[in-house]
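The values are calculated or read from the model by the stated rules, or taken from the named source; none is laboratory data. Nothing here was measured: the structure is a model prediction, and the numbers come from that model. Reconstructed Cβ throughout: ideal geometry from the backbone, glycine too, with neighbour counts over all protein chains shown.
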Ligand SMILES: C[S@@+](CC[C@H](N)C(=O)[O-])C[C@H]1O[C@@H](n2cnc3c(N)ncnc32)[C@H](O)[C@@H]1O
């Protein structure tokens with residue numbers, strides 16, 4: 001099922017609320033039947049190498065996963081020994097996560113309005129979050145990174161993982177495939193330590209909070 005919320009001409013004429021409601025309905029339907037059929041061990045080893053080791057995450061750290069969908073990767077990180085919290089807008093995604101992966105805590109919330117105190121997580125993890133599929137220098141994308149980073153403790157790291165073939169392709173009814181330079185421009189613009197890499201079709205980016 002194609003769940004990417006395409007920015008078609010029809011969608012461009014919708015109000016922001018109508019566009020969000022349409023996206024939520026698609027995801028709710030998708031998650032009701034379990035969502036993506038990930039291979040547990042394939043995802044486990046990929047995230048162990050490209051997220052946990054790359055960013056030096058240590059067992060027991062508090063990780064917030066935003067746009068967690070039905071909680072699959074929140075669960076994966078919990079199995080690796082982290083204290084995990086998952087957040088998504090999708091009612092069905094969160095219901096699935098609570099029912100199938102109950103060892104972590106989940107909230108149905110929007111990433112712009114999170115129910116947490118600032119400065120309380122060792123890492124914030126955003127995987128497949130649509131804010132990073134389009135213009136990375138848009139006010140929306142930049143404010144999203146600034147906002148999500150504000151939930152980090154001093155020295156904490158914001159980690160963003162998203163599909164891209166790095167071609168720079170920007171088709172109107174599809175997600176964009178940003179280049180490494182597009183990601184570099186975005187993450188270098190905050191004046192803090194950052195990293196941009198790519199592995200197996202995914203951009204893997206980090207932005208550190210200054211240590212106190
Ligand atoms: C492509 S899915 C990725 C899900 C999961 N992270 C994964 O990789 O399987 C994007 C998710 O982002 C969620 N989402 C989109 N905009 C959001 C927002 N503003 N606040 C919270 N969740 C959002 C959607 O509900 C959807 O579950």
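Quick notes on this one:
- Residue 16 at pLDDT below 95 and out of contact with any helix residue (DSSP H, G or I) (no Cβ under 7 Å at 6 or more places or on another chain): yes
- Test: residue in region 184-191 that is assigned to a loop (DSSP other than H, G, I, E, B) and buried (at least 17 other Cβ atoms within 10 Å of the Cβ): no
- Contacts under 6 angstrom Cβ, first residue in region 190-209 being under 22 Å from residue 166 (Cβ atoms), partner surrounded by 15 or more Cβ atoms within 10 Å (Cβ to Cβ) and modelled with pLDDT under 95, 6 or more apart: none
- Identity of the residue in region 32-48, away from the ligand (no atom under 11 Å from the Cβ) and in contact (Cβ under 8 Å) with a residue 40 or more places away in the chain, that ends up surrounded by the most Cβ atoms within 10 Å (Cβ to Cβ): 46
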